[in-house]
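Written out below as structure tokens is the structure these notes cover.
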Amino acid sequence: PKSLKFNTNTGAITGKPAKAGNSSVTFKAASTLWGEVSKTVTFTINAKPVKPTISVSKLSDGAVGKAYSATINTSGTSPITLTADGLPNGLNMNSSGLISGIPAETGNFTIKITASNIYTELNNNKSVTKNVKLKIQGIAP
């Protein structure tokens, strides 16, 4: 890419890529002993990763003994891995954010959702967390 420079003395490629995409460059070297040789190399410049966000703060209410399902919505660079701490007994969440199961206890729960992706890995594993509210009611009469 034009925004990158090749240092013919050191072989270093430096600069800040202007945009994501593929780019090919042909390197040539010549000497009186070996003649001319060339090699084409294709670079892939990835887009700057985007920090994950969790876009829900309260889940729909559930009831003990009744199947429950809800999805934690996120945005940011994929893939985003989610974990949950504090779910009521009987509920689980997969790494994509689907909470499902049959609640086995009543109460008002604060669930700590943690999101991570390549952005968080590149920034000292500073995952994004958000507390999400969930109310599980008793069995309806």
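The values are calculated or read from the model by the stated rules, or taken from the named source; none is laboratory data. Computed from a prediction, not measured in an experiment: that's the story for all the values here. These area figures cover heavy atoms from the full protein model, side chains too; ligands, DNA and RNA do not enter into them. Shrake-Rupley method; radii C 1.70, N 1.55, O 1.52, S 1.80 Å.
Scaling against 2.2 N^0.38 Å puts the C-alpha radius of gyration of segment 98-141 at 1.66.
For segment 129-139, putting each phi into the Karplus relation 6.51 cos²θ - 1.76 cosθ + 1.60 with θ = phi - 60° gives couplings of 10, 8, 8, 10, 8, 9, 10, 10, 9, x, 5 Hz, in residue order, rounded to whole numbers and with x for Gly and Pro.
Taking all protein chains together and rolling a 1.4 Å probe, Leu82 ends up with roughly 10 Å² accessible.
Note on segment 24-88: the C-alpha convex hull projects to 8.5 nm² when averaged across all orientations. Spherically averaged projected area of the convex hull of Cα atoms, the chain: 11.9 nm². Listed cross-link partners Lys28/Lys48; Lys5/Lys39; Lys19/Lys112 are compared with a 24 Å cut-off, the Cα-Cα value being larger for Lys28/Lys48; Lys19/Lys112.
Taken over the Cα atoms of segment 1-44, the convex hull encloses 69 Å³ per residue.
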